[in-house]
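The values are calculated or read from the model by the stated rules, or taken from the named source; none is laboratory data. Computed from a prediction, not measured in an experiment: that's the story for all the values here. When we count neighbours, we look across all protein chains shown, and the Cβ atoms used for this are built from the backbone with ideal geometry, even at glycine.
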Amino acid sequence: MKRRPTIRDVAKAAGVSVGSVSRVLNDGPYASTNLKSKVARAIRDLDYQPDVVAQSMRLRSTLTIGCMLSEFTNPMYAEIVDAIEERLQRESYLLVCATTRNDAARETAMISSIRRRRMDGLIVMAGNETFSEVNSALTGLEIPTVLVDRDIPTNYDAIYVDHRGGAIEATRYLIGLGHRRIALLMPSVQVRPGRERAEGYKAALIEAGLPVDPDMIRPQKASTSFAFSEVDRLLQTDDPPTAVITLGTRMLAGVLKAVSSRGLSIPEDISIVSVGDTDIVRCAAPAITAIKWDLTEQGRGAAELLIEQLGGATRTTPVHLSLPTELIIRNSCAAPRPKTKKRARG
């Protein structure tokens, strides 16, 4: 097995001292252009890779960032994480992601592991905000931390999406088409996006002088078949919804399956609005009207907030950023059918 070149080999090949090579590697103040050129050529010729463990001990930094998220399968999370990783890589940080599955024990264990491994920072994209033990562990972590769409009572920086505004705009749009029975499928109200969407939906109904029917608001349950079963049940009632606002991931797939199983057509029999502009949203037939926001900017913004902290930025109050939403009108919404016409039943 070929021996891995060392810093001494680089120094010998460059014809300089080990200390000179170290100055170049650590961007020291007294490294001349000629010295940098010699060392760079030797590193390239030897294919030398610095010992990251040794560097981290010397610099008291592991150059690793933890990221806690609920699940890997959510395509919107994937786009956010991709943007976070791309920005952190430019600062030589390695992003280490783990899923919590919204389990308090897993989350506290992960926070403990992040502390033991001496990671330099943490980005939180998961968590039931009512888990007191998790919130306590986060508060005591004492490393740079950024929250992504989570409203946890800490002094950490955060980046949010205007889910309330998005829900208001989508609900107003459906009301403007003539819809009065609008179902809202959403995450649990124990996380910020769910609470904000419910508040925006209710505000739009009240603004229009319409009653808020609690049965039309369906918070997500643990089951992966949640959306199908909830919409299927609502469609069998005497006064079913004529429109549905739903997440644009597996939840949307469940809604589409329930609508199809009842022999209904979109948008003739029921209108659909998605929260999030995913591939399934754009490729559905018809394409689904969607509440959209910049996922790349959300991830990049979270990384920038963390990088500022890692660079030593100190603040008297945490920074909270907010991203706007936009309603993308496609072909999945229309005026509801007159009530005199019977709708299909399975």
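Computed quantities for the displayed model
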{"item": "Where Asp277 falls short, out of the listed (1) over 21 Å from the mean Cα position of the chain (by Cα); (2) part of a loop (DSSP other than H, G, I, E, B); (3) not assigned by TED's automatic domain parsing to the domain that holds Met119", "result": "(1)"}
{"item": "Residue that is farthest from Ile159 (Cα to Cα), among those in the stretch 60-80 that are touching a strand residue (DSSP E or B) at 6+ places or on another chain (Cβ under 6 Å) and among the β-branched types (Val, Ile, Thr)", "result": "Thr64"}
{"item": "For Asp215: the one exception among (1) within 17 Å of Val255 (Cα to Cα); (2) buried (at least 21 other Cβ atoms within 10 Å of the Cβ); (3) among the acidic types (Asp, Glu)", "result": "(2)"}
{"item": "Which numbered condition Ser260 fails, given (1) surrounded by 18 or more Cβ atoms within 10 Å (Cβ to Cβ); (2) of a type outside the set (Val, Ile, Thr); (3) within 24 Å of Lys221 (Cβ to Cβ)", "result": "(1)"}
{"item": "Members of the stretch 174-194 that are surrounded by fewer than 20 Cβ atoms within 10 Å (Cβ to Cβ), at pLDDT 95 or above and touching a Ser or Thr at 6+ places or on another chain (Cβ under 9 Å)", "result": "Leu177, Gly178, Arg180, Arg181"}
{"item": "Checking Leu327 against (1) within 15 Å of the chain's Cα centre (by Cα); (2) within 23 Å of Arg164 (Cβ to Cβ), the condition it does not meet", "result": "(1)"}
{"item": "Count - residues of the stretch 33-50 that are more than 21 Å from Ser92 (Cα to Cα) and at pLDDT below 80", "result": "0"}
{"item": "Selection within the stretch 263-282 - more than 11 Å from Arg330 (Cβ to Cβ) and surrounded by fewer than 23 Cβ atoms within 10 Å (Cβ to Cβ)", "result": "Gly263, Leu264, Ser265, Glu268, Asp269, Asp279, Ile280"}
{"item": "Residue list for the stretch 92-139, filter: closer than 19 Å to Ala78 by Cα, assigned to a loop (DSSP other than H, G, I, E, B) and not polar (S, T, N, Q)", "result": "Tyr93, Arg101, Ala126, Gly127"}
{"item": "Given (1) of a type outside the set (Gly, Ala, Ser); (2) under 23 Å from Thr130 (Cα atoms); (3) out of contact with any Pro (no Cβ under 7 Å at 6 or more places or on another chain), number of the condition Asp157 does not satisfy", "result": "(3)"}
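Conditions tested, residue by residue: (1) part of a loop (DSSP other than H, G, I, E, B); (2) not assigned by TED's automatic domain parsing to the domain that holds Arg233.
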residue	(1), (2)
Arg282	no, no
Ala302	no, yes
Leu306	no, yes
Gly312	yes, yes
Arg315	yes, yes
Pro318	yes, yes
Asn331	yes, yes
Ala334	yes, yes
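Yes/no per residue for (1) closer than 30 Å to Ala78 by Cβ; (2) surrounded by 11 or more Cβ atoms within 10 Å (Cβ to Cβ):
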{"site": "Arg300", "(1), (2)": "yes, yes"}
{"site": "Leu306", "(1), (2)": "yes, yes"}
{"site": "Leu310", "(1), (2)": "yes, yes"}
{"site": "Ala313", "(1), (2)": "yes, yes"}
{"site": "Thr317", "(1), (2)": "no, no"}
{"site": "Ser322", "(1), (2)": "yes, yes"}
{"site": "Ile328", "(1), (2)": "yes, yes"}
{"site": "Cys333", "(1), (2)": "yes, yes"}
{"site": "Arg337", "(1), (2)": "no, yes"}
